[in-house]
1. Pull up the DSSP beta bridges for the chain and report the antiparallel fraction as a percent, rounded to 5.
2. Can you sort His200, His178, His45, His39 by how many other beta carbons sit within 10 Å, fewest first?
3. Using amide H atoms built 1.01 Å from N in the peptide plane, name the residues 5+ places from Ala221, or on other chains, whose amide H lies under 5 Å from its own.
4. Using a 10 Å cut-off around each Cβ, can you sort Cys212, Cys195, Cys6 from fewest to most neighbouring Cβ atoms?
5. Using 10 Å bins from zero, what percent of all Cα-Cα pairs in segment 118-224 falls into each bin?
6. What three numbers, in Å, describe the spread of the alpha carbons of segment 86-127 along their principal axes, ordered from the longest?
7. Counting only C-alpha contacts under 8 Å and six or more residues apart, can you give the relative contact order of the chain as a whole percent?
8. Pulled fully out, how much extra length does the chain show between Ala79 and Thr42, if you take 0.36 nm times their separation in residues and subtract their Cα-Cα distance?
Amino acid sequence: MALIRCDFYSEALEMGTSMTVILPGGDAADPPPVLYLLHGLTDDHTAWTRFSSVERYAEELGLAVVMPSADRSFYANEAYGMRFWDFLSAELPERVAQFFRVSPHREDTFVAGLSMGGYGAIKWALREPERFAAAATLSGALDLAYIYEHDRRPHIRALVARVFADRIVAGGDEDLMHLVRVADPAALPRLMLRCGADDHLVAQNRRFVAACTTARIDLDAAFEPGEHTWEYWERQLPGMLAWLLKR
């Protein structure tokens, strides 16, 4: 097992950026499956390895894990900033293929994240379903249109203004509820949702579950005791990884 910090220049971001990558050891003939694991609003590419046991679980599963940095972008092309969606969805997979030996096949490719990263993971899976076998969200900020329209906290309003400016989120490609309504259920990867029953984002997660039910999209969802904390996410991590990799 190798834990690698990869610093490289991003054409999409027009600046240097970093990702943390876990690569399984051994001499397997086939390249390993790969998980793109996305961080939350207050974190960076090091968060998963600093605050969880993802490296140990990945070693047990023979799984490569790619953890990019996306600042506070909601994995979107920012109105007053950088093109993080282009970086995530187009450039990052190309860089990973150039730099590392991982499987290029859909059945071996997964995406997951927590909080803002849970939103990013599901958005990526809904907008590019042909890329992934499965996607998962932990405590995701899944109703961005609600945040855009109703969250009155000054720092969140300032963040939304920087990322989206006067773009309307509701009904567009940044709105997961809209993406669910227009999705072809048969074309989607398997989807998983976990959120603590005491999480401040639980109402958003319940709305997303309801939207999937209405759209007849199969979603493995569960709400268990827990808050918006690494303690909760660490408890969910091994089960989430096993679920992603099951055939």
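The numbers here are math on the coordinates, done by the rules we state, and not lab data. Remember, predicted model here, so these are calculated numbers, not experimental data. Ideal geometry is used to build each Cβ from the backbone, glycine not excepted, and the neighbour counts take in all protein chains shown.
1. Counting DSSP beta bridges with both partners in the chain, the antiparallel share is about 35 percent.
2. His200, His178, His45, His39
3. It is Leu193, by chain and number.
4. So the ranking, lowest neighbour count to highest, is Cys6, Cys212, Cys195.
5. With a bin width of 10 Å, the distribution comes to 15, 48, 30, 7, 0.
6. Its Cα atoms span 29, 22, 17 Å along the three principal axes.
7. Computed over the chain, the figure is 17 percent.
8. Result: 11.3 nm gained on full extension.
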